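The values are calculated or read from the model by the stated rules, or taken from the named source; none is laboratory data. Remember, it's a predicted structure, so these values are computed and weren't measured experimentally. Glycine also receives a Cβ, built like all others from the backbone with ideal geometry; neighbour counts cover every protein chain displayed.
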Amino acid sequence: MSDLTRETIALALGDRPHEFYDSIASSSDRALALLEKGVPSGTVVIADQQTSGRGRLGRAWLSPPGAALMLSVVLHPPANAMSDVGMMAALAVVETIAAMGATGAGIKWPNDVQIGGRKVCGVLPESTWQGERRIGAIVGIGINVRVDFAGSPLADSAISLEDVVGAVDRTAFLVNLLARIDHWSALLGSDAIFTAWRGRLNMIGRAVTVHTPTGVIIGTADRVERDGTLWVADAEGALQRVIAGDIAIGTQD
Ligand code: BTN
C-alpha cells in the first residue's frame with residue numbers, strides 16, 4: 001500500500017481543494033491551468049509521478065514513482081510580492097523537515113533546500129499574466145523522499161529525506177508541509193518571510209562560485225536584498241548583483 005494515494009490524501013486534506021495524479025505531465029502545468037480557471041488560493045495539485053516535470057532554468061525535474069513528494073500550490077499574492085513566493089515555499093519546506101529531525105537543513109540561494117549541503121528539494125515559482133495584469137502565482141515543490149541516487153551523477157550533490165530522518169509517510173508529510181505553507185502564505189508581502197528565509201540561508205559569508213546567464217562570479221556571498229537578489233563580493237572586493245543563477249559553495253569552477 002502506497003503512503004500517498006488519492007484515498008490517503010482525500011482523508012487527510014478534507015475540504016481543501018486538491019487534485020492528485022498517479023502520473024501527470026507536470027503538477028505545475030496543471031496548477032497554472034487551475035489558476036487561470038480562478039480556483040482559490042491554497043488549491044494544491046499533487047503527483048506521484050511526472051512525465052515532464054519542470055525545474056529551474058529550463059531544466060527537467062525527474063523522479064521515479066513512489067519516491068518523492070511533488071506538489072504545486074495556487075496562490076494569490078499581493079502585488080509586488082512575487083519574489084516572496086519562492087522564499088515562502090523554501091522556508092515552509094526547511095521548517096517542516098527540520099521539525100522531522102533533519103538537522104543541518106538550510107536554504108541554498110535562491111530556493112533550494114539542502115541537508116548537509118546536498119539538495120533535498122527544489123522550488124519553482126511561476127506566475128501568469130493577462131496583458132499587464134498578473135492573474136496569480138503557483139509554486140512547484142519537489143522533495144526527494146526516498147530517491148536512490150547511488151551510482152547516479154547526482155550521488156554527491158543530492159540527498160533523500162529518508163536517508164536522514166528514517167521512514168517518512170508522504171501523506172502526513174504533505175499535511176505538515178501545507179500547514180507551514182498556509183502559515184507563511186498569509187504573510188506574503190510582509191517582511192517576516194524575507195527575514196525568516198534570510199535566517200535559513202546557508203551560504204552567506206562563504207566562498208561561492210555563481211554561474212549566471214552572463215558569466216561566472218567567484219567570490220564571497222555577501223548579503224541578500226528584500227527582493228531576494230544576492231550580492232557577491234568578487235575577488236577584487238567589488239559587489240556583483242545576482243538575480244538568477246546557480247550557486248555552489250567553494251571557489252572551484
Ligand atoms: C528546481 O529546479 O530546483 C525546481 C524543481 C521543481 C520541481 C517541482 S516537482 C512539482 C512541480 N512540478 C513541476 O513540473 N516542477 C515542480
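Summary of computed values
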quantity: Contacts under 9 angstrom Cβ, first residue in the stretch 24-37 being more than 8 Å from the ligand (Cβ to nearest atom), partner in a helix (DSSP H, G or I), 6 or more apart; calculated: Ile24/Arg30
quantity: Qualifying residues in the stretch 1-23 (those that are part of a loop (DSSP other than H, G, I, E, B) and buried (at least 17 other Cβ atoms within 10 Å of the Cβ)) - the one nearest to the ligand (Cβ to nearest atom); calculated: Leu4
quantity: Selection within the stretch 60-89 - among the polar types (S, T, N, Q) and within 13 Å of the ligand (Cβ to nearest atom); calculated: Ser63, Ser72
quantity: Every residue from the stretch 38-59 that is out of contact with any helix residue (DSSP H, G or I) (no Cβ under 7 Å at 6 or more places or on another chain) and near the ligand (Cβ under 9 Å from one of its atoms); calculated: Ser52, Gly53, Gly55, Arg56, Leu57, Arg59
quantity: Per-region count, the stretch 136-153, residues outside any strand (DSSP E or B) and either near the ligand (Cβ under 9 Å from one of its atoms) or surrounded by fewer than 15 Cβ atoms within 10 Å (Cβ to Cβ) (or both); calculated: 5
quantity: Looking only at the stretch 118-135, and only at residues there that are modelled with pLDDT under 95 and within 16 Å of the ligand (Cβ to nearest atom), the one that is farthest from the chain's Cα centre (by Cα); calculated: Thr128
quantity: Those strands (runs of 3 or more DSSP E) lying entirely in the stretch 213-253 with at least 1 residues modelled with pLDDT of 95 or more and among the aromatic types (Phe, Trp, Tyr); calculated: 230-234
